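Read through the structure below, which is laid out as structure tokens, and then see the notes.
The values are calculated or read from the model by the stated rules, or taken from the named source; none is laboratory data. All of these numbers come straight from a predicted model, not from anything done at the bench. Glycine gets a Cβ as well: all are built from the backbone with ideal geometry, and neighbour counts include every protein chain shown.
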Amino acid sequence: MLTVDTLNQYYGESHTLWDLDLDVPAGQCTCVMGRNGVGKTTLLKAIMGEVAISSGSIRYADDVELTRKRVEERSRLGIGYVPQGRQIFPLMTVEENLRTGLAARRDGKRSIPERVFELFPVLAEMKHRRGGDLSGGQQQQLAIGRALVIEPRLLILDEPGEGIQPNIVAQIGEVIRKLIDEDGLTVLLVEQKLPFARKYADRFVIMSRGRPVAKGDIGELSDRLIKEHLTV
Ligand SMILES: Nc1ncnc2c1ncn2[C@@H]1O[C@H](COP(=O)(O)OP(=O)(O)O)[C@@H](O)[C@H]1O
Ligand SMILES: [Mg+2]
């Protein structure tokens, strides 16, 4: 579904992503892991076009080269993105927040798909509340809901469990599985929570200093790898 090939990225003089290769197979959840500062968020931003890259290719779906596409085009191609830290609009209502996502729909449809409320009933209950009045976990669900209004084929999430109460983290994990198993989505997830990755991901990729250093089926994520690359 997504193939990243020899990607290099710099912030000014600082070389952040190094000859990075990544394969995200269709119909699975691939979890990118690694300590703070290794470049996980930068990788996702490069895929979405939010940071400039210096070289490499990013191919999506039936061989569409993303690096030549503008940011808005990438979401229009069916890529939903939930950035780290949620970034919802606190003064807008839940419904208004969800509607902001509709602009990126290819078909011009201007209503929020019922599936979003089915997956996150709390968003229906709180439709008229302001985003800023929601709990952190509800805001995360709103951010995911907003990414889902385009009915994406690929959903990219950056640490959805960060700073959120455990029961909502579990609900988000269940939604990720439903999206894959019932709706046929592909998921690319950045998550540092080990039990979450083990329970909901199919594959892992560990990054260190801007490049992948290990990958495999989630069952192959060994204690040695965890000790070497994930624990602080
Ligand atoms: N906008 C930026 N300008 C300069 N350096 C940045 C910027 N964003 C991130 N960095 C640096 O790039 C490196 C990778 O950051 P990031 O991709 O956020 O890592 P992660 O998500 O794995 O914690 C870090 O050293 C970070 O300080
Ligand atoms: Mg990050």
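Numbers for the structure displayed
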| read-out | value |
| --- | --- |
| Positions within region 98-115 being under 20 Å from the mean Cα position of the chain (by Cα) and in a helix (DSSP H, G or I), in sequence order | L98, R99, T100, G101, L102, A103, A104, R115 |
| Members of region 146-187 that are among the charged types (D, E, K, R) and away from ligand 1 (no atom under 16 Å from the Cβ) | R146, E151, R153, E174, R177, K178, D181, E182, D183 |
| Selection count, region 67-97, where residues are of a type in the set (A, V, I, L, M, F, W, C) and not in a loop (DSSP other than H, G, I, E, B) | 4 |
| Out of V71, V24, V4, V51, sole residue that is away from ligand 2 (no atom under 16 Å from the Cβ), more than 30 Å from E125 (Cβ to Cβ) and surrounded by fewer than 20 Cβ atoms within 10 Å (Cβ to Cβ) | V71 |
| Residue match in region 195-216 (condition: over 16 Å from V82 (Cα atoms), within 16 Å of ligand 1 (Cβ to nearest atom) and either modelled with pLDDT under 95 or among the polar types (S, T, N, Q) (or both)) | yes |
| Index of the failed condition, V232 passing every other in (1) more than 16 Å from ligand 2 (Cβ to nearest atom); (2) surrounded by fewer than 16 Cβ atoms within 10 Å (Cβ to Cβ) | (1) |
| Hits in region 1-56 - residues which are of a type in the set (A, V, I, L, M, F, W, C) and without any contact (Cβ under 8 Å) to a residue 12 or more places away in the chain | none |
| Flag for V116 being within 16 Å of ligand 1 (Cβ to nearest atom) and either modelled with pLDDT of 95 or more or under 26 Å from G161 (Cβ atoms) (or both) | no |
| Pairs, first free of Cβ contacts under 8 Å to residues at least 24 places away in the same chain and closer than 21 Å to L154 by Cβ in region 79-94, second outside any strand (DSSP E or B) and within 14 Å of ligand 1 (Cβ to nearest atom), C-beta under 9 Å, six or more apart | none |
| Verdict on Y60 being aromatic (F, W, Y), modelled with pLDDT of 95 or more, under 19 Å from the mean Cα position of the chain (by Cα) and more than 26 Å from Q171 (Cβ to Cβ) | yes |
